[in-house]
Amino acid sequence: SEAASKADTWLPVKPGTDQAVLLVVLREIIQRGTYDADFLKNHTNAPFLAMGAPQGPMVQMAMKMDETTGKPAEFYVFDENTQKIVALPSPAGGNLKDVNGNPVSPALQAPDGLTWNDKPVKTIFQFLSDKVKDFTADWAAPIADVPVDQIAQIAEEFATVRPALVDSGWYDTRFASSIQTWRAAALIQVLLGGVDKQAGWIYNSSTRELNS
């Protein structure tokens, strides 16, 4: 393609398997610890506590519902300052103040054995880390039909070079896995902290107004 002709490195990924390569990149960032921890703690649900669902792979957020609106009113994080579980208001412009306005330092890694309402909990970030731990370049290579070393190289570059940007590929060819592919791309960009920053994803004023 015209875009590929301009690239320094082009991975001829088998159509419909982009997600496999993106998952390797995602895993590499987490494994190396090169994610933007401050961005994740303040601007995402990565530090929010959750429980494994009784059935299936989904997780259940630890939260309090608003009885009037039926929407979440509070989420919970483990505060590194007080070493306790604290409630955060929902919605909020950030995660650095609890429901009473006190400063909070949300942990991305909950301590072992942590419980909420007598149920074991850990952070969304920990659930994500567990989910992607087996997505190696060796796993992705036969799926994407790309050499292992090429996938490993791209993953290492994304994990170690800043700034970095991944295009979510909204106008791909619409495979059954397309939505999950876009989500994987979005997760990579969020891990990099590259949202509303130069050389990252920049949102226009109407999008900010809609989401505020």
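The values are calculated or read from the model by the stated rules, or taken from the named source; none is laboratory data. Keep in mind it's a predicted model, so treat the numbers as computed, not measured. Neighbour counts are summed over all protein chains in view; Cβ atoms, including those assigned to glycine, are modelled from backbone coordinates with ideal geometry. What goes into the accessible areas is simple: the full protein's heavy atoms, side chains included, and nothing from ligands, DNA or RNA. Shrake-Rupley method; radii C 1.70, N 1.55, O 1.52, S 1.80 Å.
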Out of segment 79-97, which residues are open to solvent by less than 50 Å² (accessible area, probe 1.4 Å) and assigned to a loop (DSSP other than H, G, I, E, B)?
SER90, GLY94, ASN95
If I filter segment 154-161 for residues that are within 21 Å of the chain's Cα centre (by Cα), β-branched (Val, Ile, Thr) and exposed (fewer than 15 other Cβ atoms within 10 Å of the Cβ), do I get at least one hit?
yes
Which of the residues that make up segment 101-131 are of a type outside the set (A, V, I, L, M, F, W, C) and over 22 Å from the mean Cα position of the chain (by Cα)?
GLY101, ASN102, PRO103, GLY113, THR115, ASN117, ASP118, LYS119
Within segment 98-130, residues being open to solvent by 20 Å² or more (accessible area, probe 1.4 Å), of a type outside the set (Asp, Glu) and free of Cβ contacts under 8 Å to residues at least 40 places away in the same chain number 10
